[in-house]
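Here the structure is laid out as C-alpha cells; the discussion comes afterwards.
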Amino acid sequence: MKSNVSEYQRPEPAPVNDYFQRRDGAQFAGTHLLIDLWGAANLTCETAIEAALRDAAAAAGATILAVHLQRFAENGGISGVLVLAESHMSIHTWPERGFAAIDIFMCGGCDPYAAVPVLERAFEPETLEVNEQRRGLVR
C-alpha cells in the first residue's frame, strides 16, 4: 500500500468552547466591571442585597452556583459573593458612608452591563460609576 502523507489533509480541530469573548477586534477571558455606588440605599438589608444580586445575575444571563453574604456587626456593612458558572459577582457595603463597591466578572455569552440598571434600581444611588477591565486579553 502506497501512502503519501502530504496528500492527507487533517481536519482542523473542533473549536473548544473556552468561553473567551471577542469584541471590538479583541479576544479576552471576560469583562470585569467595577461599580461604585455613592449615596446608595438598602446597604444593611441582607434580603434586599441578595435579591438585587440574584436579579442582576439573571438580567446578565448568568447561572448562580452559590451565594454567601456576611454582615459586619460593628457598622452593619455587608460583604457578599455570588459564585457564577460564568465567574462571580461581589458586593461590599459601607452604610455609614452610603457607599457600595460591586464587582461583576463574567465570561462567555453573559452581558454584565445588563446587570447595571438592576443594581441601580435596587440601591438608588445618587451617583454610579462603572469601570471596565478586560481580563485575560490575548495579545
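The values are calculated or read from the model by the stated rules, or taken from the named source; none is laboratory data. As the structure is a computational prediction, the values presented were derived from the model and not from experiment. So basically every Cβ, Gly included, is an ideal-geometry build from the backbone, and we count neighbours across all protein chains shown.
Per-structure values
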{"read-out": "Residue selected from segment 99-113 under the condition at pLDDT 95 or above and surrounded by fewer than 17 Cβ atoms within 10 Å (Cβ to Cβ), by the criterion nearest to residue 80 (Cα to Cα)", "value": "101"}
{"read-out": "Lone unmet requirement of (1) without any contact (Cβ under 8 Å) to a residue 60 or more places away in the chain; (2) hydroxyl-bearing (Ser, Thr, Tyr); (3) in contact with a helix residue (DSSP H, G or I) (Cβ under 7 Å, 6 or more places away or on another chain) for residue 87", "value": "(3)"}
{"read-out": "Yes/no for residue 122 being in contact with a strand residue (DSSP E or B) (Cβ under 7 Å, 6 or more places away or on another chain) and in contact (Cβ under 8 Å) with a residue 12 or more places away in the chain", "value": "no"}
{"read-out": "Wholly within segment 64-113, strands (runs of 3 or more DSSP E) carrying at least 1 residues that are under 16 Å from residue 131 (Cβ atoms)", "value": "87-94, 99-106"}
{"read-out": "Any hit, segment 115-137, residues being surrounded by 15 or more Cβ atoms within 10 Å (Cβ to Cβ), polar (S, T, N, Q) and in contact with a His (Cβ under 6 Å, 6 or more places away or on another chain)", "value": "no"}
